[in-house]
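The values are calculated or read from the model by the stated rules, or taken from the named source; none is laboratory data. Please read these numbers as outputs of a predicted model, since none were measured by experiment. We place every Cβ from the backbone using ideal geometry, glycine too, and count neighbours over all the protein chains shown. All accessible areas refer to the heavy atoms of the entire protein, side chains included, with ligands and DNA or RNA removed. Shrake-Rupley method; radii C 1.70, N 1.55, O 1.52, S 1.80 Å.
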Amino acid sequence: MSLLIGCAPIGAPISKTSQVHAPLIAHEFANPSHSTAIRRSNLDIASEFLDYSFGLETGATINQFSRFNGRIVVAFTQSAPLDLQRDLNKLVKRLQNEAGLNIVVGATGGPANIYINRITPRQLSSALPGAACFVVPNVRNLQELRTGRKTAATDWTQLDGRSVASIFLPNNHSPQEGRDCLHEELAQVLGPVNDLFRVADTIFNDDNMHVVLTNYDMLLLRLTYDSQLRNGMSRGDVAARLPEMLRRLNPTGEGYGTRPVPKANDAWKKAIFSALGKSGNASARMRHINRAVSIAQNQGYRDNLLAFSYFSRGHLQAKSNPEAAVADFTRAYGIYSRAYGSESIQAAQAAVQLASYTFTGGDVTGALALIEPSILAARRAQDATLLFRLLALKAAIKKHQNETIVANQLYREAHSWAYYALGTRPLVAQIFDRINSLAPPKG
């Protein structure tokens, strides 16, 4: 049974950075103008909300609904970098404005409902191996976690309400890594503690495609804190109230027909986690990912589940078998583009892989056609890691085309995002050197 809800390193790997933080970046993501309308069937959203609220990733069932009541105070337990404080303030403001939550940032070290603890990587790994960050109910700090773990107090399935919880994140994170952890863990301590692979437009998904809260996530939180719901309600009680709540909170969804996506079965999830986890050698990982692809095909999975299977296999064999990786990224890109559009964050994650292969293969026009919509997707999704890679790759192409002024402008912007994403000069330099070395064959 799961004690801890963590952000596991699924999908693109999280960089290992030192405690040296980036300088003030020249660029900052604009506040998004999020639409509140979710253009999917309310029937499907209701089914997803129930699975989010009454289950855990482990497969354990939660029998009673839980949330915070009244004003919610979130605070750091000790001093935090300015960039992280800024990102927390921006996130809380979004939660106030978009989800309608009664939540505020409290004084550092002061009393709170949600405590943000920055701990060493070793402490974090010891508490929950393999997680980038995690959240625990009914503890205020690491000492209380050590004494309270494996008790009913820290078991999400036993909660009939929430009053205190802690978020734990490593103290060596880059600015983006810290922000991403805040978004996922604060959202999960406030609302659903489950993740569903089948839902694409959410941060509550272990594919790690979305790194900040989406408008769908805000709807989940608006539902969680709607006046029609109470702590202790059963799944049936909540299900009975959802149709009216969704008509009121998402009227657009009444006009869409249901299009349920198959749930990821346990065998597929086990194969994916085994392939993308930290344990096991390369050959074992390939066996697991091949099994995941096979299960996805045999189960008739479409959209997110099948695409993510191909996408993950592409990553795992990018060095050992580039031609097979290109084929998998192409399959993933095709599925993502058809399902969610070429400017979706999912398509962009596959496109950045394909664009580098396309460029080095000599198809400059094709590479730019992949990059342009992906840059828009990365900006909209506020993913600096993806954005700087796309900008640097476009700069390398422009340099190859002898458009020096444009290339230099792109390099400058790419560098500013790279420091926000990665946090250290050596790592930034290493990745830029790799991208700058890309070139089509001569002759």
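Here the label points at S294 and T330, each 7 Å from Cα along the C-beta direction, are separated by 2.4 nm in the simple model. Estimated at the nearest 10 Å², the accessible area of H415 is 70 Å² with a 1.4 Å probe. Between the residues L219, A355, G253, the greatest Cα displacement towards the positive end of the dipole of the chain, with unit charges on the Cβ of Lys, Arg, Asp and Glu, is found for A355. Under 5 Å between amide H atoms, partner at least 5 residues away or on a different chain: which partners does Y256 have, H built in plane at 1.01 Å? Excluding prolines and chain starts, which carry no amide H, the hits are N42. Taking D328, D303, D160 and ordering them by how much accessible surface each has at a 1.4 Å probe, largest first, produces D160, D303, D328. Model label sites at K150 and V364, defined 7 Å from Cα along the beta-carbon direction, differ in position by 6.3 nm. Shown is the FRET efficiency for T58 and K93, computed with R0 = 30 Å from the Cβ-Cβ distance and rounded to the nearest 0.05: 0.35. Which of rounded, prolate or oblate describes segment 109-223 when judged by the alpha-carbon gyration tensor and an a/c cut-off of 1.5? Judged from the Cα gyration tensor, segment 109-223 comes out oblate (a/c at least 1.5, b/c at or above a/b). Computed from phi, the 3J(HN,Hα) profile of segment 427-438 under the Karplus parametrisation 6.51, -1.76, 1.60 (θ = phi - 60°) reads 5, 4, 4, 4, 6, 5, 4, 5, 5, 5, 7, 6 Hz, with x in place of Gly and Pro.
Secondary structure note: in the chain, about 40% of the DSSP beta bridges are antiparallel. The portion of the accessible surface of the chain made up by carbon and sulfur, rounded to a whole percent, is 51 (1.4 Å probe; DNA, RNA and ligands excluded). Average accessible surface for segment 71-163: 46 Å² per residue, computed with a 1.4 Å probe over protein heavy atoms with every protein chain in place. Under a Cβ-Cβ cut-off of 13 Å, what is the net charge of the residues other than E98 that fall near it, where Lys and Arg count +1 and Asp and Glu count -1? For residues surrounding E98, the net value is +3.
Using the Cβ of G148 as centre and a radius below 13 Å, the other residues enclosed give a net charge of +2, where K and R count +1 and D and E count -1.
When only alpha carbons are used to place a centre, segment 366-443 and segment 101-170 end up 37 Å from one another.
One decimal place: the segment N231-R338 gains 34.5 nm when fully extended, by the rule 0.36 nm per residue minus the C-alpha distance. One decimal place: the segment E254-N141 gains 36.3 nm when fully extended, by the rule 0.36 nm per residue minus the C-alpha distance.
Here is the list for segment 54-109: trypsin sites (Lys or Arg not before Pro) lying in DSSP coil, each with at most 16 other C-beta atoms within 10 angstrom of its C-beta, are R71. Against the chain, whose longest principal axis is taken from its Cα atoms, helix 235-249 shows a tilt of about 60°.
Around the Cα centre of the chain, unit charges on the Cβ atoms of Lys, Arg, Asp and Glu (plus for the first two, minus for the last two) sum to a dipole of about 500 debye. Put simply, the amide H of C133, placed in the peptide plane, has neighbours under 5 Å in C7, leaving out anything fewer than 5 places away on its chain.
In a reduced charge model with +1 at each Lys and Arg Cβ and -1 at each Asp and Glu Cβ, segment 243-356 shows a dipole moment near 380 debye about its Cα centre. Only one of the values (1) 26.5; (2) 22.5; (3) 20.6 was calculated from this structure for mean projected area of the Cα convex hull in nm²; name its label. Correct label is (3). What is segment 288-334 by shape, rounded, prolate or oblate, if you read a ≥ b ≥ c off the alpha carbon gyration tensor as root eigenvalues and call it rounded for a/c under 1.5, prolate for a/b larger than b/c, and oblate otherwise? It comes out oblate by the Cα gyration axes.
Tell me the per residue accessible area of segment 286-443 using a 1.4 Å probe; a whole number in Å² is fine. Don't skip to the end; give the middle numbers.
Working: 6940 Å² over 158 residues.
Computed with neighbouring chains in place, this is 44 Å² per residue.
Between their Cα atoms, which of K398/K442; K90/K394; K278/K319; K150/K270; K399/K442 are more than 26 Å away from each other?
K90/K394, as the Cα separations exceed 26 Å there.
Angle check, please: helix 345-360 long axis (alpha carbons) against the longest principal axis of the chain (alpha carbons), in degrees 0 to 90, nearest 10. Rounded to the nearest ten degrees, it is 20. With the simple model of a label 7 Å out from the Cα in the direction of the Cβ, N281 to T120 spans 3.2 nm. Taking amide H atoms as placed 1.01 Å from N in the peptide plane, the amide H of M233 lies under 5 Å from those of F65, each 5 or more residues away in sequence or on another chain.
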